[in-house]
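As structure tokens, the structure follows; a few thoughts come after it.
Just so it is clear, none of the values below were taken in a lab; they were calculated from the coordinates. None of the values given here were measured: they were computed from a predicted structure. Positions of Cβ are backbone-derived with ideal geometry, glycine not excepted, and every protein chain shown enters the neighbour counts.
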Amino acid sequence: MLIREVVLQGDITKVETAKKIVAHFEGDSADLVVCDGAPDVTGLHDIDEYIQAQLLLAGLHFVNPFIDFKVLNKHLILRILSSPDHFLF
């Protein structure tokens with residue numbers, strides 16, 4: 001089994017980042033995608049949480065063609081920013 005690891009860092013909302021990701025896959029699929037989804041924080045928790053949710057949603061939509069979730073051992077990991085007023089279970 002060939003294991004390849006590639007780390008791409010960039011803003012998922014920028015065309016340059018999208019082009020790098022598409023060029024890497026060349027028609028292949030991924031077994032694991034990790035999305036940090038960390039926005040530049042403003043200090044206003046509600047706004048920061050909304051912006052991060054939009055980044056993660058953009059990442060999820062973008063990665064969908066590159067990872068087949070119906071196949072076993074395919075994973076997507078997203079880091080979620082939570083404000084002190086919300087609880088995640």
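Some values worked out for this structure:
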{"read-out": "Neighbour-count order for T17, T42, fewest beta carbons within 10 angstrom listed first", "value": "T42, T17"}
{"read-out": "Stretch gain in nm, segment L8-A53, where the contour uses 0.36 nm per residue and the Cα spacing is subtracted", "value": "14.2 nm"}
{"read-out": "Summed residue charge, Cβ within 14 Å of H24's Cβ, Lys/Arg positive, Asp/Glu negative", "value": "-2"}
{"read-out": "Pair-distance profile P(r), taking every C-alpha pair of region 1-68, with 10 angstrom steps and integer %", "value": "18, 49, 24, 8, 1"}
{"read-out": "Charge context of A38, other residues only, Cβ under 14 angstrom, K/R +1, D/E -1", "value": "-4"}
{"read-out": "Nonlocal amide H pairs with L76, under 5 Å, H built at 1.01 Å", "value": "V33"}
